Amino acid sequence: MAPTSPTPADLVDFVTEIITEAGRMTLEYFQDPALVVDRKLDGTPVTVADRLAERFLREQILERFPTDSIVGEEEDDVAGTSGRAWIIDPIDGTKSFTAGVPLFANLIAVLDDDVPVLGAINLPALDELVLASAGGGAFFNGQPTRVSDTADLRGAYLMTSGLTYWPEGSLERLTAEGMTIRTWADAYGYALVATGRVAAMVDPLANLWDVAPMQVILEEAGGKFTDLAGTRTVAGGNGVGSNGAIHEKLLAILPNHGRE
Ligand code: IPD
Ligand code: CA
Ligand code: CA
């Protein structure tokens, strides 16, 4: 008998189950004084918790969906044949994680023929899960969630992960517009936008696995996700998430990545 396709609800249940377990696994190593921090070739930190959580997620996904593709930060790509792809970041915010700061996340996105249909941000140390599926709504710990209705840049909070990647002058332009910039964000910044607690989150540099869940999450919560050029994509190498109301104003003063 041919395998039946999972319904959107099946996918939501499955992702909730595996991302919660991945969260538990990573929490076991959080604030452990014996945790060894290795450096990857690009100098970024990685730990046994990143590697174990990604291994666990890949095993669960391939057991249930053996013909799907997988792209994850810590292992090689798996090329499937089903048209469905899973994008994994086992720990997003490894710098937070290794510093003992509880703002790290586990990330999963599901893409159907390159279109994001499900996104999940799990923040195990905060006990927060933000999850959305295309057409199914966005949820914060199981309750419907929505972006803020802030329409002015003045007074709005903008999150970012760190100040290192910002081109000279761009942060000053944001503060000159009256925005307040906060950091330590990573995926937590997008979770804050999706739950209406801040107005925007910007990643001047991001891989597919850093932002793959964000488009569906923010759109289902009533907001917007694009790259810095304003294109609706999770593969642009950077990310701008907002409540939608300030998106165009924000893009207009952010560093221009390919916009005319
Ligand atoms: C980092 C975060 C951050 C982004 C960096 C990533 P990691 O991921 O997603 O927001 O700006 O480019 O490397 O290494 O903590 O998973
Ligand atoms: Ca990441
Ligand atoms: Ca990571």
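The values are calculated or read from the model by the stated rules, or taken from the named source; none is laboratory data. Since the structure is predicted, the reported quantities are computational estimates derived from the model, not experimental observations. Neighbour counts run over all protein chains shown; Cβ positions are idealised from the backbone, glycine included. Areas reflect the complete protein model, heavy atoms only, side chains present, ligands, DNA and RNA absent. Shrake-Rupley method; radii C 1.70, N 1.55, O 1.52, S 1.80 Å.
Using the Cα gyration tensor of region 3-94, with a ≥ b ≥ c the square roots of its eigenvalues, what is the shape: rounded (a/c below 1.5), prolate (a/b larger than b/c) or oblate (neither)? Write down the numbers at each step before the final one.
On the way: a/c = 3.06, a/b = 1.69, b/c = 1.81.
Oblate, because a/c is 1.5 or more while a/b does not exceed b/c.
For helix 8-27, what angle does its Cα long axis make with the longest principal axis of the chain, in degrees from 0 to 90 and rounded to 10?
80 degrees
Ordered by packing density, taken as the mean number of other Cβ atoms within 10 Å over each peptide's residues, highest first, how do 199-207, 24-32 rank?
Sorting 199-207, 24-32 by mean packing, highest first, produces 199-207, 24-32.
Using Cα pairs under 8 angstrom and six or more residues apart, how large is the relative contact order of region 157-253, in percent? Before the final figure, lay out each step's value.
On the way: 175 pairs, mean separation 26.3, N = 97.
RCO, region 157-253: 27 percent.
What is region 157-253 by shape, rounded, prolate or oblate, if you read a ≥ b ≥ c off the alpha carbon gyration tensor as root eigenvalues and call it rounded for a/c under 1.5, prolate for a/b larger than b/c, and oblate otherwise? Walk me through the intermediate numbers first.
Working: a/c = 1.41, a/b = 1.23, b/c = 1.15.
The shape class here is rounded.
From Cα pairs below 8 angstrom and at least 6 apart in sequence, can you work out the relative contact order of the chain, rounded to a whole percent?
Values: 569 pairs, mean separation 38.6, N = 260.
Value for the chain: 15 percent.
If the reach is capped at under 28 angstrom between alpha carbons, list the lysines near Lys95, excluding any in the same chain fewer than eight residues apart.
Lys40, Lys224
Just for region 157-253, what percent of DSSP beta bridges are antiparallel, to the closest 5?
55 percent
According to the square roots a ≥ b ≥ c of the eigenvalues of the Cα gyration tensor, what is the shape class of region 48-185, taking rounded for a/c under 1.5, prolate for a/b larger than b/c otherwise, and oblate for the remainder?
Values: a/c = 1.98, a/b = 1.63, b/c = 1.22.
Note, shape of region 48-185 comes out prolate.
Could you tell me the accessible area of Ile18 in Å² (1.4 Å probe, neighbours in place), rounded to the nearest ten?
0 Å²
Please work out the FRET efficiency for the pair Thr175 and Thr81, using the Cβ-Cβ distance as r and a Förster radius of 51 Å; give the result to the nearest 0.05. Walk me through the intermediate numbers first.
Numbers: r = 49 Å, r/R0 = 0.97.
Efficiency for this residue pair is about 0.55.
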